[in-house]
Amino acid sequence: MTPYDVPADLEDLVIICEQAGRAILAVRKAGFRVDSKDDASPVTAADLAANEILVAGLTACSTLPILSEEGRDVPWAERREWRRFWLIDPLDGTREFVDGFDDFTVNVALIEAGRPVLGVVHAPASDTSWAGVVGEGAWRWQETERQAIRVAPHWPPRILASRAHLDAATREWIAEIPGAQLSRCGSSVKFCRIAEGQADLYPRFSPTCEWDTAAGQAVLEAAGGTVLAAKTLDPLRCQQGESLVNGHFIACAAPAWRERLAVISCQAVWGERKPLV
């Protein structure tokens, strides 16, 4: 039994994300233009259409506040009072979407006391959804089939890296692990592949925002994995301050690998080989 009071049925949330995904695919089929936001990141009509569907769906099933990448800029003075809220990214992987790749997702997470405790990740191009509630379990939906998923740790690890952000620090970190196998893909699909036992590690040493990671983190942790802040190897948390930018992190299939990862992280990312704890 989950220790959390989930304010909406998990399958209903999957359906809402699927509806947002169909809107994204409709925009892709019709053609679209790419605009730039203030931070120079891309935004399209697909982002905005998906956001409208998600906000309407969540508002209909819950009274919790909503923080969205494509929503209003909520001041920290207001957000800091939110103990529970929805955190959404209507189209994670907009760059992949614009460039014609299929690994873009719709992300919905429930945050409680700074921790992602429920997540739904939907991949419109493959009509696949992953969902999980921490303490209850995680599942994959494909068409009408629902299947329980669980991490399957393997060492040397199968490592996933961002398609667009495989930087020098990440390459150096991976090179520290003999026998590691590297694959690349975009968006929060990486968390879900670890959650379903298809990969083991996802290191990220370039900027992400909380809405990019929260849903995937919840799915992974519901499946038995963890997401660790790279510098301290403590669990990655949301709602830590005014900025919504995450620190560096490592998504991991085996929480017990924490001490093993500490040495790798110190040498490759921080320039010293000693435990960080």
Completion exercise
Inverse of <1/r> over all distinct C-alpha pairs of segment 96-202, i.e. the Kirkwood Rh in Å, gives 14.9 Å
Problem - Total charge dipole magnitude, the chain, about the Cα centre, Cβ charges on Lys, Arg, Asp, Glu only, Debye to nearest 20 - result: 760 debye
Fill in the blank from the handout: Contour minus Cα-Cα span, Ala26 to Glu242, at 0.36 nm per residue, comes to 74.3 nm
Handout entry: Highest-first arrangement of 149-160, 109-120, where packing means the average Cβ count within 10 Å
Key = 109-120, 149-160
Practice task
Before anything else, pin down the relative contact order of segment 133-277: Cα pairs under 8 Å, at least 6 apart, normalised by residue count, whole percent.
Solution key: 26 percent
Exercise for the section: Please find the FRET efficiency linking Asp5 to Ala56, where r is the Cβ-Cβ separation and R0 is fixed at 25 Å, and quote it to the nearest 0.05. Expected result: 0.65
Exercise for the section: As a check on your grasp of the helix formula, calculate [θ] at 222 nm for the chain: sum -39500 (n - 2.57) over DSSP H runs of n ≥ 4, divide by the residue count, round to the nearest 500. Expected result: -10000 deg cm²/dmol
Practice task
Could you work out which residue, out of Ala138, Ala262, Ala60, moves most in a Gaussian network model of the chain, that is, has the largest mean-square fluctuation with Cα springs under 10 Å?
Solution key: Ala60
Problem - Extension reserve of the Lys37-Asp73 stretch, reckoned as 0.36 nm per residue once the Cα distance is removed - result: 11.7 nm
Exercise for the section: State whether segment 21-148 is rounded, prolate or oblate according to the following rule on the C-alpha gyration tensor (a ≥ b ≥ c being the square roots of its eigenvalues): a/c under 1.5 gives rounded; otherwise a/b larger than b/c gives prolate, and the remaining case gives oblate. Expected result: oblate
Fill in the blank from the handout: Highest mean packing first, using Cβ neighbours within 10 angstrom, the peptides 62-70, 219-227 sort as 219-227, 62-70
Completion exercise
Projecting the Cα atoms of Val227, Val189, Ser62 onto the charge dipole of the chain, where Lys and Arg contribute +1 and Asp and Glu -1 at Cβ, the residue farthest towards the positive end is Val227
Completion exercise
Taking Cα pairs closer than 8 Å and at least 6 residues apart, the relative contact order of the chain in percent is 16 percent
Exercise for the section: Whenever you get a sec, compute what percent of the accessible area on segment 118-277 sits on carbon and sulfur atoms (1.4 Å probe). Expected result: 47 percent
Exercise for the section: Identify all aspartates and glutamates with a Cα-Cα distance to Lys37 below 18 Å; exclude those on the same chain that are fewer than 8 residues away in sequence. Expected result: Asp47, Glu52, Glu69, Glu70, Asp73, Asp89, Asp92, Glu96, Asp99, Glu210, Asp212
Fill in the blank from the handout: Taking alpha-carbon centroids only, segment 133-188 lies from segment 225-248 a number of Å equal to 18 Å
Problem - Mean Cα-pair separation over length for segment 146-217, i.e. relative contact order, pairs under 8 Å, 6 or more apart, % - result: 45 percent
Handout entry: Leading residue at positive end of dipole, segment 93-230 (Cβ point charges), from Thr170, Ser126, Pro116
Key = Thr170
Fill in the blank from the handout: With +1 on the Cβ of every Lys and Arg and -1 on the Cβ of every Asp and Glu, the dipole magnitude of segment 107-224 about its Cα centre, in debye rounded to the nearest 20, is 220 debye
Completion exercise
In a Gaussian network model of the chain with springs linking alpha carbons closer than 10 Å, the residue among Trp86, Trp130, Trp76 that fluctuates most is Trp76
Handout entry: Equivalent ellipsoid semi-axes, segment 112-269, via Cα gyration tensor eigenvalues times 5, rooted, Å
Key = 23, 18, 15
Fill in the blank from the handout: In segment 144-224, taking the dipole from +1 charges on Lys and Arg beta carbons and -1 charges on Asp and Glu beta carbons about the Cα centre, the listed residue (Gly216, Ile159, Pro203) farthest towards the positive end is Ile159
Fill in the blank from the handout: Listed residues Asp38, Asp200, Asp167; largest mean-square fluctuation, Gaussian network over the chain with Cα springs below 10 Å, found at Asp38
Exercise for the section: Please work out the Cα convex hull volume for segment 175-255 and give it in Å³ per residue. Expected result: 98 Å³
Fill in the blank from the handout: Counting only protein heavy atoms and rolling a 1.4 Å probe, one gets per residue an accessible area for the chain in Å² of 44 Å²
Handout entry: Translational D in µm²/s for segment 13-82 (Stokes-Einstein at 25 °C, 0.890 mPa s, Kirkwood Rh from C-alpha pairs)
Key = 182 µm²/s
Practice task
With N denoting the number of residues in the chain, provide Rg(C-alpha) divided by 2.2 N^0.38 Å, to two decimal places.
Solution key: 0.95
Practice task
Take each complete run of DSSP H in the chain, measure how far its Cα atoms stretch along the helix's own axis, and keep only those covering 24 Å or more with mean Kyte-Doolittle hydropathy at least -1.0; list them.
Solution key: 10-30, 45-61
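The values are calculated or read from the model by the stated rules, or taken from the named source; none is laboratory data. In this text the structure is predicted, and so the values were computed from the model without any measurement. Reconstructed Cβ throughout: ideal geometry from the backbone, glycine too, with neighbour counts over all protein chains shown. Side chains are part of the model used for accessible areas, which takes the heavy atoms of the whole protein and leaves out ligands, DNA and RNA. Shrake-Rupley method; radii C 1.70, N 1.55, O 1.52, S 1.80 Å.
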